[in-house]
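Worksheet: the structure to be examined is printed underneath.
The values are calculated or read from the model by the stated rules, or taken from the named source; none is laboratory data. Please read all numbers here as calculations on a predicted model, not as lab measurements. When we count neighbours, we look across all protein chains shown, and the Cβ atoms used for this are built from the backbone with ideal geometry, even at glycine.
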Amino acid sequence: MRGFEVNFLPADFRVGHMRRIMSAHLHLWDLTGLCDSVNLAVSELVTNAVRHGHGKPVGFRVTNADDELRIEVTDGNATPARLRKAGEFAESGLC
């Protein structure tokens with residue numbers, strides 16, 4: 001198994017920073033074919049943690065074993081995430 005973990009204070013610039021770190025690891029692990037999809041997921045997850053974590057540190061952990069790539073993002077917010085339905089013309093998941 002290989003992976004890495006980073007903890008940081010929430011800030012908007014961290015979204016791009018985490019994408020660059022993730023891309024570098026995907027290249028090292030010869031998984032460049034996943035870059036676009038993984039970077040989209042990283043952008044969404046880290047953005048949500050930065051926006052909704054109430055200023056608490058963000059945890060970012062990635063593991064790669066066998067045929068599984070796992071990305072975990074924590075934001076210190078005790079309230080569980082909930083799925084919301086966005087309107088047809090919404091630019092984000094906020095209603």
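Remarks
- Within the range 41-73, considering residues that are at pLDDT below 95 and not in a helix (DSSP H, G or I), the one nearest to the chain's Cα centre (by Cα): G53
- Test: residue in the range 42-51 that is over 15 Å from D12 (Cβ atoms) and either exposed (fewer than 14 other Cβ atoms within 10 Å of the Cβ) or in contact (Cβ under 8 Å) with a residue 12 or more places away in the chain (or both): no
- M1 being within 13 Å of the chain's Cα centre (by Cα) and more than 20 Å from L83 (Cα to Cα): no
- Any hit, the range 63-83, residues being more than 24 Å from R2 (Cα to Cα), without any contact (Cβ under 8 Å) to a residue 12 or more places away in the chain and of a type in the set (D, E, K, R): yes
- Scanning the range 28-62 for residues that are within 15 Å of F4 (Cα to Cα) and not hydrophobic (A, V, I, L, M, F, W, C) yields G59, R61.
- Positions within the range 11-48 being of a type in the set (D, E) and closer than 17 Å to E72 by Cβ, in sequence order: E44
- In the range 3-16, the residues that are closer than 9 Å to V50 by Cβ and free of Cβ contacts under 8 Å to residues at least 40 places away in the same chain: A11, D12, V15
- G76 modelled with pLDDT of 95 or more and surrounded by 10 or more Cβ atoms within 10 Å (Cβ to Cβ): no
- Qualifying residue in the range 17-34 (condition: at positive phi, exposed (fewer than 14 other Cβ atoms within 10 Å of the Cβ) and touching a residue at least 12 places away in the same chain (Cβ under 8 Å)): no
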